[in-house]
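Student: One structure, pasted below without further comment.
The values are calculated or read from the model by the stated rules, or taken from the named source; none is laboratory data. What you see is a predicted model; the values in this text were computed from it and never measured. Cβ coordinates were reconstructed from backbone atoms using ideal geometry, including for glycine residues, and neighbour counts include every protein chain displayed. Ligands, DNA and RNA are excluded from the accessible area calculation, which covers all protein heavy atoms including side chains. Shrake-Rupley method; radii C 1.70, N 1.55, O 1.52, S 1.80 Å.
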Amino acid sequence: MATTDSILQGVNILGTINDSHKKILSKDAVAFLALLHRSFNGTRKELLQRRVIRQAELDKGSLPDFLPETKHIRENDAWKGAKPAPGLIDRRVEITGPTDRKMVVNALNSNVWTYMADLEDSSAPTWDNMINGQVNLYDAIRKQVDFKQGEKEYKLRTDRTLPTLIVRPRGWHLEEKHFTVDGEPISGSLFDFGLYFFHNAKELIARGTGPYFYLPKMESHLEARLWNDVFNLGQDYIAIPRGTIRGTVLIETILAAFEMDEIIYELRDHSAGLNCGRWDYIFSVIKKFRQNSNFILPDRSAVTMTVPFMDAYVKLLIQTCHKRQVHAMGGMAAQIPIKDDKAANDKAMEGVYADKLREAKAGHDGTWVAHPALAAIASEVFNKHMPTPNQMFVRREDVKIGQNDLLNMNVPGKITEEGIRKNLNIGLGYMEGWLRGVGCVPINYLMEDAATAEVSRSQLWQWVKHGVPTAEGKKVDKAYALKLLKEQADELASKGAKGNKYHLAAQYFSGQVTGEDYADFLTSLLYNEITSVGSSSPASKL
């Protein structure tokens, strides 16, 4: 059998390692990462190439549909997903957020059932953010996360059971350039999963829960199959039973919406259900059909959860999950309390209540909030309308969703200059924060993450590409988009803190709003700006 030192040959760490990082980047953990990379990176790259091929087909006008070759899986009512794991039976309110130490303590102290600790869309993947996030989660699981910041102390509460921890690693498309194996960067997914799982799986089991994950950005059941293979290898490697890991898949791409049954099927023994990733889903619809003028959407504010294609997606997700007896999780309430305007705050909170009521009545088993203050509203709704731990018994057999329903772009609304400026502000605001290493940015009393920035730039690209007219009668072309971009960037830069990065954000954004170049993901486009690759440190010297 290969020794740890022989496995570490060819592994290099290009990020700075301080004393607190050493417990995370131990030789044994790094050897596990190398094994994951060598076992699965080839398949990962093949699957990403499949995405490229699929996009080329969509660009030529083909439309997705339910797969004929997996019809037998969809039509077989006998198979089910895994029974809910300890700590995941009742998930009525889940708080989400990045993994900085303050957020970890505040989230675990919230009156919620689970905490989705996010290494993905609400974290800018600087080396320090990724490694410190792992340190913070390691310490939180062992209840050693208390700390003092200035005069303020942050301590885990002891008066109740803490929320169940679920970790969201990065998507399959992202790499971790600070860690290379045989000359290649490791997958961000495998890096995030591997470190968290290796260090914490047995500790979590001993404390009554387990290693649980949210799996983002997938576009096919084959990508879920890869996660299942990763899970099996990991469980075998540390000698825990297969099926101990649980993964909840975010259905946040239009292609995955046609393969929900198949995704649950691939993860069967590890499946903890599906989640409606609403903003990423809208982004995916625009992105995948950006060349198709039949898929032009109005201002972002008009694309609500009740428009036809979003309503169909929600209904199909709930029906599919409950048929397979797994959780159907609702979407995000991104509002932040408006402390200095009671009337505006009341109106915003009424909107949150109505949205959560829609989810509970539709049959969701739980929902997401981005701020602890919203937990009470979400809890009130779900406690009233879902007295049981979940509502998997709500089968939604009344639902009949076909291809046309999922692709129904009959969305009332207009494209306005105000909508363009809002998209520019959100895109610039988020990108500026991200370039400073902040992945969760409050803008206009909403907690924006990468998904909302993606919707913003994709809409702008689409509108320019197809030369749509605004409600005011102005054609949206390249010159108009760049003029408004400059105006918004100048305004934000003048009002921002000294040394802000709005103009750098605008440089990147300008290439994304002209209907020409289109980066696969903003995070991939900006990643090199926040990498701090130093001299190579062989892992064998850890």
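Student: Anything in segment 183-227 that is among the polar types (S, T, N, Q), touching a Gly at 6+ places or on another chain (Cβ under 8 Å) and farther than 25 Å from Leu8 by Cα? List them, or say none.
Tutor: Step one: filter segment 183-227 for residues among the polar types (S, T, N, Q), giving 187, 189, 200, 209, 220.
Those left that are additionally touching a Gly at 6+ places or on another chain (Cβ under 8 Å): 189, 209.
The one that is among the polar types (S, T, N, Q), touching a Gly at 6+ places or on another chain (Cβ under 8 Å) and farther than 25 Å from Leu8 by Cα: Thr209.
Student: Among the residues of segment 485-542, write down those that are in contact with a strand residue (DSSP E or B) (Cβ under 8 Å, 6 or more places away or on another chain) and hydroxyl-bearing (Ser, Thr, Tyr).
Tutor: Tyr527, Thr531, Ser532, Ser536, Ser537, Ser540
Student: Taking the stated definitions as given, is Ala354 open to solvent by less than 30 Å² (accessible area, probe 1.4 Å) and part of a helix (DSSP H, G or I)?
Tutor: Values: open to solvent by less than 30 Å² (accessible area, probe 1.4 Å): no; part of a helix (DSSP H, G or I): yes.
The answer is no for Ala354.
Student: Could you please give the count of residues in segment 240-261 that are buried (at least 22 other Cβ atoms within 10 Å of the Cβ) and assigned to a helix (DSSP H, G or I)?
Tutor: 5
Student: OK, next. State all residues of segment 49-80 that are out of contact with any Lys or Arg (no Cβ under 9 Å at 6 or more places or on another chain), surrounded by 13 or more Cβ atoms within 10 Å (Cβ to Cβ) and hydrophobic (A, V, I, L, M, F, W, C); if no residue qualifies, say none.
Tutor: Leu63, Ile73 - these are the residues of segment 49-80 that are out of contact with any Lys or Arg (no Cβ under 9 Å at 6 or more places or on another chain), surrounded by 13 or more Cβ atoms within 10 Å (Cβ to Cβ) and hydrophobic (A, V, I, L, M, F, W, C).
Student: Could you please let me know if Val394 is under 24 Å from the mean Cα position of the chain (by Cα), more than 30 Å from Gln488 (Cα to Cα) and β-branched (Val, Ile, Thr)? Before you say what the answer is, go through the steps one by one.
Tutor: Values: under 24 Å from the mean Cα position of the chain (by Cα): no; more than 30 Å from Gln488 (Cα to Cα): yes; β-branched (Val, Ile, Thr): yes.
No; evaluated as a whole, the condition is false for this residue.
Student: Can you tell which of Thr253, Thr209 is hydroxyl-bearing (Ser, Thr, Tyr) and without any contact (Cβ under 8 Å) to a residue 40 or more places away in the chain?
Tutor: On the way: Thr209 fails: without any contact (Cβ under 8 Å) to a residue 40 or more places away in the chain.
So the residue among Thr253, Thr209 that is hydroxyl-bearing (Ser, Thr, Tyr) and without any contact (Cβ under 8 Å) to a residue 40 or more places away in the chain is Thr253.
Student: Moving on to the next point. Under 7 Å between Cβ atoms, at least 6 apart or on separate chains: pull out the pairs that start in segment 172-199 with a residue that is farther than 19 Å from Tyr214 by Cα and end on any residue that is among the acidic types (Asp, Glu) and open to solvent by less than 10 Å² (accessible area, probe 1.4 Å).
Tutor: Going by the 7 Å Cβ cut-off, the qualifying pairs are Pro185/Glu176; Ile186/Glu176.
Student: Also: Quickly run through segment 23-49 and pick out the residues that are among the basic types (Lys, Arg) and either within 14 Å of Pro538 (Cα to Cα) or in a helix (DSSP H, G or I) (or both).
Tutor: Just the residues of segment 23-49 that are among the basic types (Lys, Arg), to begin with: 23, 27, 38, 44-45.
Passing the criteria: Lys27, Arg38, Arg44, Lys45.
Student: I'm trying to understand the selection: among the residues of segment 401-452, which are open to solvent by 50 Å² or more (accessible area, probe 1.4 Å) and among the β-branched types (Val, Ile, Thr)?
Tutor: Val438
Student: Pick from segment 475-520 the residues that are touching an Asp or Glu at 6+ places or on another chain (Cβ under 7 Å) and open to solvent by 10 Å² or more (accessible area, probe 1.4 Å): which of them is nearest to Arg421 (Cα to Cα)?
Tutor: Only one residue tops the list, namely Tyr502.
Student: Which one is surrounded by the most Cβ atoms within 10 Å (Cβ to Cβ), of the residues in segment 10-48 that are among the charged types (D, E, K, R) and touching a residue at least 40 places away in the same chain (Cβ under 8 Å)? Walk me through how you get there before you give the answer.
Tutor: Keep residues of segment 10-48 that are among the charged types (D, E, K, R), which gives 19, 22-23, 27-28, 38, 44-46.
Add one more test, that the residue is touching a residue at least 40 places away in the same chain (Cβ under 8 Å), and what stays is 22-23, 27-28, 38, 44.
Details: Lys22: 11, Lys23: 13, Lys27: 16, Asp28: 12, Arg38: 16, Arg44: 19.
Taking the candidates together, the pick is Arg44.
Student: Of the residues in segment 462-512, how many are part of a loop (DSSP other than H, G, I, E, B) and more than 17 Å from Lys414 (Cβ to Cβ)? Let's see the steps before the verdict.
Tutor: The first filter runs over segment 462-512 and keeps only residues part of a loop (DSSP other than H, G, I, E, B), leaving 466-468, 470-474, 476-477, 496-501, 511-512.
Those still in the list that are more than 17 Å from Lys414 (Cβ to Cβ) too: 477, 496-501, 511-512.
Adding up the residues that qualify gives 9.
Student: Is there any pair linking a residue in segment 140-160 that is among the β-branched types (Val, Ile, Thr) to one that is surrounded by 10 or more Cβ atoms within 10 Å (Cβ to Cβ) and part of a loop (DSSP other than H, G, I, E, B), with Cβ under 8 Å and at least six apart or on different chains, and which?
Tutor: Pairs that qualify, where the first residue is among the β-branched types (Val, Ile, Thr) and the partner is surrounded by 10 or more Cβ atoms within 10 Å (Cβ to Cβ) and part of a loop (DSSP other than H, G, I, E, B), are Ile141/Arg207; Val145/Leu156.
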